Amino acid sequence: MNDKQTSDKGMESLLKRPQNRTTKRIFIAATRQNDGKTTTSLALFSALRSLSDKVGFIKPIGQRFIEVDGVKVDEDSVLLDAIFNVQVPMEAMSPIAIDPTFTRRYLENPDGLEVLVDRLCRAFDRAAYEKDYIIVEGTGHAGVGSVFDLSNAHVAKLLDAKVIIVAGGGIGRPIDEIAINKALFDRMGVPIIGALINKVEPSKMETIRKYCDLALRRMGIPLLGCIPKYMELTEPNLAQVVDEVGGRWLNGRANGSTERIKRFVMGAMTAKGFIEYFEEGVLIITPGDREDILFAALAAAAVAGEKKALSGILLTRNVLPHPKVMDMIAKTNIPVIICSEDSYAVASRINNMTIKTQPTDTDKIPIIKSMITENLDIATIIDTFSQAETLSSGDI
(Lines give C-alpha, C1' and ligand atoms only; values in the text may rest on other atoms or scores of the structure.)
Protein backbone atom coordinates (compact mmCIF):
# COMPACT_ATOMS: atom_id res chain seq x y z
CA MET A 1 0.00 0.00 0.00
CA ASN A 2 1.50 3.36 -1.03
CA ASP A 3 1.33 6.63 0.92
CA LYS A 4 -1.68 7.95 -1.02
CA GLN A 5 -3.62 4.73 -0.47
CA THR A 6 -2.83 4.85 3.24
CA SER A 7 -3.98 8.47 3.40
CA ASP A 8 -7.18 7.70 1.46
CA LYS A 9 -7.88 4.77 3.77
CA GLY A 10 -7.44 7.08 6.74
CA MET A 11 -9.97 9.54 5.31
CA GLU A 12 -12.42 6.73 4.58
CA SER A 13 -12.18 5.65 8.20
CA LEU A 14 -12.99 9.19 9.27
CA LEU A 15 -16.36 8.82 7.54
CA LYS A 16 -17.27 6.42 10.34
CA ARG A 17 -18.36 8.89 12.98
CA PRO A 18 -19.78 8.44 16.48
CA GLN A 19 -23.56 8.13 16.63
CA ASN A 20 -23.80 10.87 19.26
CA ARG A 21 -24.41 14.19 17.48
CA THR A 22 -25.84 16.28 20.33
CA THR A 23 -23.27 16.44 23.14
CA LYS A 24 -21.18 19.61 22.98
CA ARG A 25 -17.57 18.52 22.62
CA ILE A 26 -14.44 20.51 23.45
CA PHE A 27 -11.07 19.18 22.29
CA ILE A 28 -8.06 20.33 24.35
CA ALA A 29 -4.88 20.45 22.26
CA ALA A 30 -1.51 22.00 23.03
CA THR A 31 1.42 23.33 21.06
CA ARG A 32 3.83 20.96 22.79
CA GLN A 33 4.14 18.50 25.67
CA ASN A 34 3.60 19.76 29.21
CA ASP A 35 1.95 23.03 28.16
CA GLY A 36 -0.98 22.27 30.47
CA LYS A 37 -3.61 20.14 28.68
CA THR A 38 -4.47 18.07 31.73
CA THR A 39 -4.56 21.06 34.07
CA THR A 40 -6.82 22.88 31.59
CA SER A 41 -9.04 19.81 31.25
CA LEU A 42 -9.38 19.49 35.02
CA ALA A 43 -10.20 23.14 35.52
CA LEU A 44 -12.56 23.37 32.54
CA PHE A 45 -14.36 20.21 33.71
CA SER A 46 -14.88 21.86 37.08
CA ALA A 47 -16.14 25.07 35.45
CA LEU A 48 -18.60 23.19 33.23
CA ARG A 49 -19.82 21.19 36.21
CA SER A 50 -21.02 24.50 37.68
CA LEU A 51 -23.29 24.83 34.63
CA SER A 52 -24.37 21.21 34.32
CA ASP A 53 -23.86 18.00 36.26
CA LYS A 54 -23.81 16.12 32.95
CA VAL A 55 -20.18 16.54 31.88
CA GLY A 56 -18.13 13.72 30.37
CA PHE A 57 -14.44 13.17 29.67
CA ILE A 58 -12.41 11.09 27.26
CA LYS A 59 -8.73 10.88 26.38
CA PRO A 60 -8.96 8.98 23.08
CA ILE A 61 -5.25 8.25 22.77
CA GLY A 62 -3.04 7.95 25.83
CA GLN A 63 0.73 7.55 26.01
CA ARG A 64 1.16 7.34 29.78
CA PHE A 65 -0.99 4.61 31.23
CA ILE A 66 -1.45 2.40 34.23
CA GLU A 67 -3.31 -0.88 34.62
CA VAL A 68 -6.71 -0.78 36.30
CA ASP A 69 -8.35 -4.18 36.75
CA GLY A 70 -6.16 -5.57 33.97
CA VAL A 71 -7.06 -2.77 31.52
CA LYS A 72 -4.52 -0.21 30.27
CA VAL A 73 -5.92 3.21 31.18
CA ASP A 74 -4.37 6.61 30.59
CA GLU A 75 -3.27 8.13 33.89
CA ASP A 76 -5.02 11.45 33.17
CA SER A 77 -8.35 9.65 32.88
CA VAL A 78 -7.70 7.98 36.22
CA LEU A 79 -6.82 11.36 37.74
CA LEU A 80 -9.94 13.13 36.50
CA ASP A 81 -12.23 10.30 37.54
CA ALA A 82 -10.67 10.19 41.00
CA ILE A 83 -11.34 13.90 41.49
CA PHE A 84 -14.76 14.27 39.87
CA ASN A 85 -16.31 10.79 39.75
CA VAL A 86 -17.18 11.19 36.08
CA GLN A 87 -19.52 8.17 36.13
CA VAL A 88 -18.23 6.78 32.86
CA PRO A 89 -16.59 3.34 32.54
CA MET A 90 -12.82 3.75 32.65
CA GLU A 91 -12.28 1.87 29.39
CA ALA A 92 -14.59 4.36 27.64
CA MET A 93 -12.56 7.29 28.97
CA SER A 94 -9.31 5.79 27.68
CA PRO A 95 -9.93 3.57 24.62
CA ILE A 96 -6.47 3.51 22.98
CA ALA A 97 -3.22 3.09 24.93
CA ILE A 98 0.02 3.63 23.00
CA ASP A 99 2.55 1.14 24.36
CA PRO A 100 6.24 1.17 23.30
CA THR A 101 5.71 -1.14 20.27
CA PHE A 102 2.31 0.21 19.16
CA THR A 103 3.64 2.38 16.31
CA ARG A 104 5.81 -0.37 14.83
CA ARG A 105 2.92 -2.84 14.93
CA TYR A 106 0.64 -0.35 13.22
CA LEU A 107 3.12 0.50 10.46
CA GLU A 108 3.42 -3.21 9.68
CA ASN A 109 -0.38 -3.51 9.56
CA PRO A 110 -2.07 -0.15 8.74
CA ASP A 111 -5.32 -2.02 8.04
CA GLY A 112 -5.76 -1.90 11.81
CA LEU A 113 -6.94 1.72 11.49
CA GLU A 114 -10.55 0.65 11.01
CA VAL A 115 -10.44 -1.29 14.28
CA LEU A 116 -8.97 1.72 16.11
CA VAL A 117 -11.54 4.13 14.70
CA ASP A 118 -14.38 1.77 15.62
CA ARG A 119 -13.04 1.39 19.16
CA LEU A 120 -12.63 5.14 19.53
CA CYS A 121 -16.15 5.92 18.23
CA ARG A 122 -17.79 3.34 20.46
CA ALA A 123 -15.88 4.67 23.48
CA PHE A 124 -16.85 8.24 22.67
CA ASP A 125 -20.54 7.35 22.38
CA ARG A 126 -20.38 5.67 25.79
CA ALA A 127 -18.45 8.55 27.41
CA ALA A 128 -20.80 11.17 25.91
CA TYR A 129 -24.02 9.27 26.67
CA GLU A 130 -26.61 11.63 28.19
CA LYS A 131 -23.97 14.34 28.68
CA ASP A 132 -24.43 18.02 27.91
CA TYR A 133 -20.69 18.56 27.47
CA ILE A 134 -17.68 16.31 27.01
CA ILE A 135 -14.03 17.29 27.25
CA VAL A 136 -11.73 15.48 24.85
CA GLU A 137 -8.09 15.70 25.93
CA GLY A 138 -5.56 15.37 23.13
CA THR A 139 -2.03 14.03 23.32
CA GLY A 140 -0.02 17.09 22.27
CA HIS A 141 0.07 19.32 19.22
CA ALA A 142 -2.23 18.94 16.21
CA GLY A 143 0.07 16.51 14.39
CA VAL A 144 0.80 14.06 17.21
CA GLY A 145 -0.46 10.62 16.20
CA SER A 146 0.00 11.16 12.45
CA VAL A 147 2.34 8.18 12.30
CA PHE A 148 -0.62 5.87 12.92
CA ASP A 149 -3.17 8.01 11.01
CA LEU A 150 -4.89 9.35 14.12
CA SER A 151 -3.37 12.76 14.70
CA ASN A 152 -5.07 15.13 17.10
CA ALA A 153 -6.47 17.00 14.11
CA HIS A 154 -7.87 13.73 12.70
CA VAL A 155 -9.41 12.75 16.03
CA ALA A 156 -10.98 16.19 16.52
CA LYS A 157 -12.47 15.92 13.01
CA LEU A 158 -13.66 12.38 13.66
CA LEU A 159 -15.42 13.44 16.85
CA ASP A 160 -16.76 16.66 15.31
CA ALA A 161 -15.17 18.61 18.16
CA LYS A 162 -14.19 22.25 18.52
CA VAL A 163 -10.66 22.96 19.68
CA ILE A 164 -9.02 24.99 22.41
CA ILE A 165 -5.27 25.35 21.86
CA VAL A 166 -3.09 25.66 24.98
CA ALA A 167 0.33 27.27 24.58
CA GLY A 168 3.13 28.11 27.00
CA GLY A 169 3.75 31.61 28.35
CA GLY A 170 5.32 34.19 26.07
CA ILE A 171 4.49 36.07 22.87
CA GLY A 172 6.64 35.11 19.89
CA ARG A 173 7.06 31.35 20.29
CA PRO A 174 3.50 30.59 21.48
CA ILE A 175 1.92 32.62 18.66
CA ASP A 176 4.14 30.97 16.04
CA GLU A 177 3.27 27.51 17.37
CA ILE A 178 -0.45 28.31 17.55
CA ALA A 179 -0.26 29.36 13.87
CA ILE A 180 1.29 26.02 12.90
CA ASN A 181 -1.38 24.10 14.81
CA LYS A 182 -4.15 26.24 13.34
CA ALA A 183 -2.97 25.38 9.83
CA LEU A 184 -3.41 21.65 10.45
CA PHE A 185 -6.78 22.04 12.17
CA ASP A 186 -7.94 24.31 9.32
CA ARG A 187 -6.84 21.71 6.78
CA MET A 188 -9.04 19.16 8.52
CA GLY A 189 -11.94 21.59 8.80
CA VAL A 190 -11.85 21.65 12.60
CA PRO A 191 -13.15 24.89 14.16
CA ILE A 192 -11.02 26.59 16.82
CA ILE A 193 -12.84 28.06 19.82
CA GLY A 194 -9.79 30.01 20.94
CA ALA A 195 -6.34 29.85 22.50
CA LEU A 196 -5.17 29.81 26.09
CA ILE A 197 -1.74 31.10 27.12
CA ASN A 198 -0.58 29.12 30.15
CA LYS A 199 2.23 29.41 32.71
CA VAL A 200 2.66 33.17 32.32
CA GLU A 201 5.05 34.95 34.68
CA PRO A 202 2.76 37.05 36.92
CA SER A 203 4.84 40.19 36.36
CA LYS A 204 4.32 39.87 32.58
CA MET A 205 0.59 39.10 32.58
CA GLU A 206 -0.67 42.44 31.24
CA THR A 207 1.98 42.69 28.52
CA ILE A 208 1.47 39.12 27.30
CA ARG A 209 -2.32 39.43 27.41
CA LYS A 210 -2.24 42.63 25.33
CA TYR A 211 0.12 41.46 22.59
CA CYS A 212 -1.10 37.87 22.36
CA ASP A 213 -4.63 39.23 21.95
CA LEU A 214 -3.48 41.51 19.12
CA ALA A 215 -1.56 38.70 17.39
CA LEU A 216 -4.33 36.13 17.74
CA ARG A 217 -6.98 38.53 16.42
CA ARG A 218 -5.01 38.78 13.18
CA MET A 219 -5.32 35.00 12.93
CA GLY A 220 -9.02 35.01 13.73
CA ILE A 221 -8.52 33.22 17.05
CA PRO A 222 -10.01 34.59 20.28
CA LEU A 223 -7.71 34.80 23.29
CA LEU A 224 -9.58 32.88 25.97
CA GLY A 225 -7.27 33.89 28.77
CA CYS A 226 -3.79 34.02 30.25
CA ILE A 227 -3.08 31.71 33.18
CA PRO A 228 -0.34 32.79 35.59
CA LYS A 229 2.38 30.38 36.61
CA TYR A 230 1.63 28.90 40.02
CA MET A 231 4.76 27.64 41.73
CA GLU A 232 2.64 25.31 43.84
CA LEU A 233 1.74 23.34 40.70
CA THR A 234 5.40 22.80 39.78
CA GLU A 235 6.44 21.42 43.17
CA PRO A 236 6.72 17.60 43.39
CA ASN A 237 5.79 15.62 46.44
CA LEU A 238 8.33 13.30 47.98
CA ALA A 239 6.68 10.16 46.57
CA GLN A 240 7.16 11.56 43.04
CA VAL A 241 10.83 12.25 43.81
CA VAL A 242 11.26 8.65 44.99
CA ASP A 243 9.79 7.37 41.71
CA GLU A 244 11.93 9.72 39.63
CA VAL A 245 15.25 8.70 41.20
CA GLY A 246 14.40 5.04 41.71
CA GLY A 247 14.78 5.40 45.45
CA ARG A 248 13.54 3.39 48.40
CA TRP A 249 12.22 4.50 51.76
CA LEU A 250 14.30 4.20 54.91
CA ASN A 251 12.13 6.24 57.26
CA GLY A 252 8.91 8.25 57.47
CA ARG A 253 7.11 6.83 54.46
CA ALA A 254 3.67 6.82 56.08
CA ASN A 255 3.57 10.57 56.62
CA GLY A 256 6.26 11.71 54.22
CA SER A 257 4.90 10.67 50.81
CA THR A 258 2.86 13.82 50.36
CA GLU A 259 5.54 16.22 51.61
CA ARG A 260 5.73 19.06 49.08
CA ILE A 261 9.32 19.83 47.96
CA LYS A 262 9.79 23.55 47.38
CA ARG A 263 13.58 23.46 47.08
CA PHE A 264 16.48 21.06 47.46
CA VAL A 265 19.89 21.68 48.96
CA MET A 266 23.04 19.77 48.08
CA GLY A 267 25.24 18.38 50.85
CA ALA A 268 28.32 20.19 49.58
CA MET A 269 28.88 22.42 52.62
CA THR A 270 29.64 21.97 56.29
CA ALA A 271 26.86 21.10 58.69
CA LYS A 272 27.03 24.66 60.05
CA GLY A 273 26.08 25.98 56.63
CA PHE A 274 22.88 23.92 56.61
CA ILE A 275 21.31 25.52 59.67
CA GLU A 276 19.50 28.23 57.69
CA TYR A 277 18.04 25.62 55.30
CA PHE A 278 16.33 23.51 57.92
CA GLU A 279 12.69 24.34 57.27
CA GLU A 280 9.53 22.80 55.86
CA GLY A 281 9.62 22.26 52.09
CA VAL A 282 13.39 21.60 51.92
CA LEU A 283 14.89 18.32 50.70
CA ILE A 284 18.51 17.69 51.70
CA ILE A 285 20.52 15.67 49.13
CA THR A 286 23.65 14.13 50.63
CA PRO A 287 25.72 10.95 50.68
CA GLY A 288 24.94 8.69 53.63
CA ASP A 289 28.45 9.10 55.05
CA ARG A 290 27.94 12.83 55.70
CA GLU A 291 26.97 12.07 59.26
CA ASP A 292 27.70 15.65 60.35
CA ILE A 293 24.76 16.80 58.21
CA LEU A 294 22.56 14.00 59.52
CA PHE A 295 23.38 14.90 63.15
CA ALA A 296 22.54 18.53 62.38
CA ALA A 297 19.19 17.45 60.91
CA LEU A 298 18.46 15.31 63.97
CA ALA A 299 19.26 18.22 66.25
CA ALA A 300 17.04 20.54 64.22
CA ALA A 301 14.17 18.03 64.42
CA ALA A 302 14.57 17.82 68.21
CA VAL A 303 14.47 21.62 68.55
CA ALA A 304 11.51 21.98 66.18
CA GLY A 305 9.37 19.62 68.24
CA GLU A 306 5.99 19.17 66.55
CA LYS A 307 6.94 21.55 63.75
CA LYS A 308 8.75 20.22 60.68
CA ALA A 309 12.47 20.83 60.59
CA LEU A 310 12.64 19.82 56.91
CA SER A 311 10.62 17.81 54.40
CA GLY A 312 13.09 15.04 53.72
CA ILE A 313 16.62 13.71 53.32
CA LEU A 314 17.74 11.92 50.17
CA LEU A 315 20.83 9.76 50.65
CA THR A 316 22.82 9.06 47.48
CA ARG A 317 25.22 6.40 46.11
CA ASN A 318 23.43 3.74 48.22
CA VAL A 319 25.63 4.70 51.16
CA LEU A 320 23.90 3.93 54.45
CA PRO A 321 24.77 5.85 57.63
CA HIS A 322 26.24 4.04 60.62
CA PRO A 323 23.66 1.65 62.18
CA LYS A 324 23.51 3.75 65.36
CA VAL A 325 22.74 6.85 63.30
CA MET A 326 20.00 4.88 61.55
CA ASP A 327 18.57 3.97 64.95
CA MET A 328 18.47 7.66 65.86
CA ILE A 329 16.75 8.54 62.56
CA ALA A 330 14.13 5.83 63.15
CA LYS A 331 13.08 7.65 66.35
CA THR A 332 12.17 10.77 64.35
CA ASN A 333 9.48 11.54 61.77
CA ILE A 334 12.04 12.80 59.23
CA PRO A 335 11.34 11.24 55.79
CA VAL A 336 14.54 9.57 54.57
CA ILE A 337 15.07 7.84 51.23
CA ILE A 338 18.11 6.38 49.48
CA CYS A 339 19.09 5.86 45.85
CA SER A 340 22.06 4.63 43.83
CA GLU A 341 23.04 7.73 41.83
CA ASP A 342 25.38 10.47 43.02
CA SER A 343 24.15 13.77 44.41
CA TYR A 344 24.63 15.84 41.25
CA ALA A 345 22.88 13.29 39.02
CA VAL A 346 19.97 13.15 41.46
CA ALA A 347 19.73 16.94 41.66
CA SER A 348 19.65 17.14 37.87
CA ARG A 349 16.85 14.56 37.68
CA ILE A 350 14.74 16.42 40.23
CA ASN A 351 15.37 19.78 38.59
CA ASN A 352 14.18 18.42 35.22
CA MET A 353 11.14 16.54 36.52
CA THR A 354 7.81 16.88 34.74
CA ILE A 355 5.33 17.38 37.54
CA LYS A 356 1.97 15.77 36.81
CA THR A 357 -0.96 16.36 39.13
CA GLN A 358 -1.83 13.24 41.12
CA PRO A 359 -5.15 12.23 42.74
CA THR A 360 -3.42 12.62 46.11
CA ASP A 361 -2.48 16.25 45.38
CA THR A 362 -5.45 17.58 47.32
CA ASP A 363 -3.65 20.89 47.91
CA LYS A 364 -3.31 21.50 44.15
CA ILE A 365 -6.87 20.79 43.05
CA PRO A 366 -8.45 23.98 44.51
CA ILE A 367 -5.72 26.05 42.83
CA ILE A 368 -6.38 24.43 39.46
CA LYS A 369 -10.12 24.98 39.75
CA SER A 370 -9.87 28.62 40.80
CA MET A 371 -7.24 29.63 38.24
CA ILE A 372 -9.57 28.81 35.35
CA THR A 373 -12.58 30.42 36.99
CA GLU A 374 -10.59 33.61 37.47
CA ASN A 375 -8.70 33.70 34.16
CA LEU A 376 -10.57 31.78 31.44
CA ASP A 377 -13.35 33.30 29.33
CA ILE A 378 -15.93 30.55 29.86
CA ALA A 379 -18.67 32.71 28.31
CA THR A 380 -16.96 32.73 24.92
CA ILE A 381 -16.69 28.94 24.96
CA ILE A 382 -20.39 28.52 25.80
CA ASP A 383 -21.41 31.17 23.25
CA THR A 384 -19.55 29.28 20.52
CA PHE A 385 -21.96 26.37 20.92
CA SER A 386 -25.01 28.61 21.37
CA GLN A 387 -24.25 30.40 18.08
CA ALA A 388 -23.84 27.08 16.29
CA GLU A 389 -27.23 25.91 17.59
CA THR A 390 -28.85 29.17 16.45
CA LEU A 391 -27.39 28.82 12.95
CA SER A 392 -28.50 25.20 12.77
CA SER A 393 -32.05 26.12 13.81
CA GLY A 394 -32.08 28.92 11.23
CA ASP A 395 -31.10 26.51 8.47
CA ILE A 396 -34.09 24.35 9.31
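One line per residue, one yes/no per condition, for (1) β-branched (Val, Ile, Thr); (2) assigned by TED's automatic domain parsing to the domain that holds Gly169; (3) under 18 Å from Asp342 (Cα atoms); (4) buried (at least 16 other Cβ atoms within 10 Å of the Cβ):
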{"position": "Leu224", "(1), (2), (3), (4)": "no, yes, no, yes"}
{"position": "Asp243", "(1), (2), (3), (4)": "no, no, yes, no"}
{"position": "Arg248", "(1), (2), (3), (4)": "no, no, yes, no"}
{"position": "Asn251", "(1), (2), (3), (4)": "no, no, no, yes"}
{"position": "Ala254", "(1), (2), (3), (4)": "no, no, no, no"}
{"position": "Glu259", "(1), (2), (3), (4)": "no, no, no, yes"}
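Quick one: would you say Ile180 is over 16 Å from Gly36 (Cα atoms), in the same structural domain as Thr38 (by TED's automatic domain parsing), aliphatic (A, V, I, L, M) and part of a helix (DSSP H, G or I)?
So Ile180 fits the description; yes.
In segment 310-327, which residue that is under 35 Å from the mean Cα position of the chain (by Cα) and part of a loop (DSSP other than H, G, I, E, B) is surrounded by the most Cβ atoms within 10 Å (Cβ to Cβ)? Before the answer, list the steps.
Residues of segment 310-327 under 35 Å from the mean Cα position of the chain (by Cα): 310-319.
Subsequent filtering for residues that are part of a loop (DSSP other than H, G, I, E, B) retains 310-311, 317-319.
On the way: Leu310: 22, Ser311: 25, Arg317: 16, Asn318: 13, Val319: 13.
In this case the residue turns out to be Ser311.
With respect to Ile284, determine if the residue is modelled with pLDDT of 90 or more and within 30 Å of Leu158 (Cα to Cα).
no
Scanning for something modelled with pLDDT of 90 or more and either outside any strand (DSSP E or B) or in contact with a Leu (Cβ under 9 Å, 6 or more places away or on another chain) (or both), does segment 250-260 turn up at least one residue?
The answer is yes; a qualifying residue exists.
Return a yes/no flag: does segment 368-377 have any residue that is of a type in the set (Asp, Glu) and free of Cβ contacts under 8 Å to residues at least 24 places away in the same chain.
Scanning segment 368-377 turns up at least one residue that is of a type in the set (Asp, Glu) and free of Cβ contacts under 8 Å to residues at least 24 places away in the same chain.
Checking Ile221 against (1) modelled with pLDDT of 95 or more; (2) under 22 Å from Ile368 (Cβ atoms); (3) not in a helix (DSSP H, G or I): exactly one of these is not met. Which one?
(2)
In segment 12-63, how many residues are more than 14 Å from the chain's Cα centre (by Cα), hydroxyl-bearing (Ser, Thr, Tyr) and within 22 Å of Asp149 (Cβ to Cβ)?
Number satisfying all stated conditions: 1.
Residues of segment 41-53 being aliphatic (A, V, I, L, M), surrounded by fewer than 21 Cβ atoms within 10 Å (Cβ to Cβ) and assigned to a helix (DSSP H, G or I), which ones?
Residue satisfying the conditions is Ala47 alone.
Scan segment 328-337 and give yes if some residue there is at pLDDT 90 or above, closer than 26 Å to Val78 by Cβ, assigned to a loop (DSSP other than H, G, I, E, B) and not aliphatic (A, V, I, L, M), otherwise no.
yes
What about Ile171, is it at pLDDT 95 or above and closer than 30 Å to Glu206 by Cα?
Details: at pLDDT 95 or above: no; closer than 30 Å to Glu206 by Cα: yes.
In short, no.
Please specify each residue of segment 287-307 satisfying the condition of being of a type outside the set (Gly, Ala, Ser) and either touching a Gly at 6+ places or on another chain (Cβ under 6 Å) or more than 24 Å from Glu244 (Cα to Cα) (or both).
Those that are of a type outside the set (Gly, Ala, Ser) and either touching a Gly at 6+ places or on another chain (Cβ under 6 Å) or more than 24 Å from Glu244 (Cα to Cα) (or both): Arg290, Glu291, Asp292, Ile293, Phe295, Leu298, Val303, Glu306, Lys307.
Just one of (1) of a type outside the set (Val, Ile, Thr); (2) modelled with pLDDT of 95 or more; (3) within 30 Å of Gln358 (Cα to Cα) trips up Lys229, so point out which.
Tallying (1) of a type outside the set (Val, Ile, Thr); (2) modelled with pLDDT of 95 or more; (3) within 30 Å of Gln358 (Cα to Cα), Lys229 fails exactly one: (2).
Would you check which residues across segment 121-170 are buried (at least 24 other Cβ atoms within 10 Å of the Cβ) and aromatic (Phe, Trp, Tyr) and list them?
Once the filter is applied, which keeps residues that are buried (at least 24 other Cβ atoms within 10 Å of the Cβ) and aromatic (Phe, Trp, Tyr), segment 121-170 yields only Phe124.
What strands (runs of 3 or more DSSP E), lying completely within segment 54-97, carry at least 1 residues that are within 12 Å of Glu137 (Cα to Cα) and touching a residue at least 40 places away in the same chain (Cβ under 8 Å)? Give the steps one after another, and end with the answer.
Working: elements: 55-58, 65-68, 71-74.
Answer list for segment 54-97: 55-58.
Which condition breaks for Leu113 when tested against (1) in a loop (DSSP other than H, G, I, E, B); (2) surrounded by fewer than 23 Cβ atoms within 10 Å (Cβ to Cβ)?
(1)
From Val147, Val155, grab the single residue that is at pLDDT 95 or above and either under 18 Å from Leu116 (Cβ atoms) or outside any helix (DSSP H, G or I) (or both).
Going through Val147, Val155 in turn, the sole match is Val155.
In segment 60-72, what residues are over 15 Å from Asp99 (Cβ atoms) and buried (at least 23 other Cβ atoms within 10 Å of the Cβ)?
Selection gives Pro60 alone.
The values are calculated or read from the model by the stated rules, or taken from the named source; none is laboratory data. Here the structure is a predicted model, which is why all the values come from computation and not from measurement. Don't worry about glycine lacking a Cβ; one is built from the backbone with ideal geometry, like all the others, and counts go over all protein chains shown.
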